[in-house]
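The values are calculated or read from the model by the stated rules, or taken from the named source; none is laboratory data. Quantities reported herein were computed from a predicted structural model and do not represent experimental measurements. Cβ placement follows ideal geometry from the backbone for every residue including glycine, while neighbour counts extend to all protein chains displayed.
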């Protein structure tokens with residue numbers, strides 16, 4: 001079984017739109033505030049949503065999210 005990715009998807013560009021979603025990583029303000037308390041399964045679900053909504057394409061932000069996820073997966077496999 002693949003380990004769950006629990007590292008936060010933040011790429012240090014915290015700017016929220018009118019719906020309360022970060023323009024860079026796609027998390028809501030509530031998800032950002034509650035990240036440490038969320039169960040690992042919820043964190044993984046957020047990651048999956050973020051990769052679909054903000055991690056597609058060739059923009060610098062999408063590439064940064066993809067890179068962060070790959071590093072988090074590699075780290076999760078080491079544990």
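Restricting attention to the range 13-22, which residues are at pLDDT 90 or above, part of a loop (DSSP other than H, G, I, E, B) and touching a helix residue (DSSP H, G or I) at 6+ places or on another chain (Cβ under 9 Å)?
If the condition is that a residue be at pLDDT 90 or above, part of a loop (DSSP other than H, G, I, E, B) and touching a helix residue (DSSP H, G or I) at 6+ places or on another chain (Cβ under 9 Å), then 20 is the only one that fits.
Can you pull out every residue in the range 28-79 that is surrounded by 11 or more Cβ atoms within 10 Å (Cβ to Cβ), modelled with pLDDT of 95 or more and in a loop (DSSP other than H, G, I, E, B)?
38
Which pairs do you get when a residue that is more than 13 Å from residue 22 (Cα to Cα), found in the range 53-66, comes within reach of a residue that is assigned to a loop (DSSP other than H, G, I, E, B) and at pLDDT 95 or above, reach meaning Cβ atoms under 7 angstrom, with the pair 6+ apart or on two chains?
Listed pairs, sorted by first residue: none to list.
Looking only at the range 1-25, which residues are under 22 Å from residue 76 (Cα atoms), free of Cβ contacts under 8 Å to residues at least 60 places away in the same chain and surrounded by 15 or more Cβ atoms within 10 Å (Cβ to Cβ)?
8, 10, 11, 25
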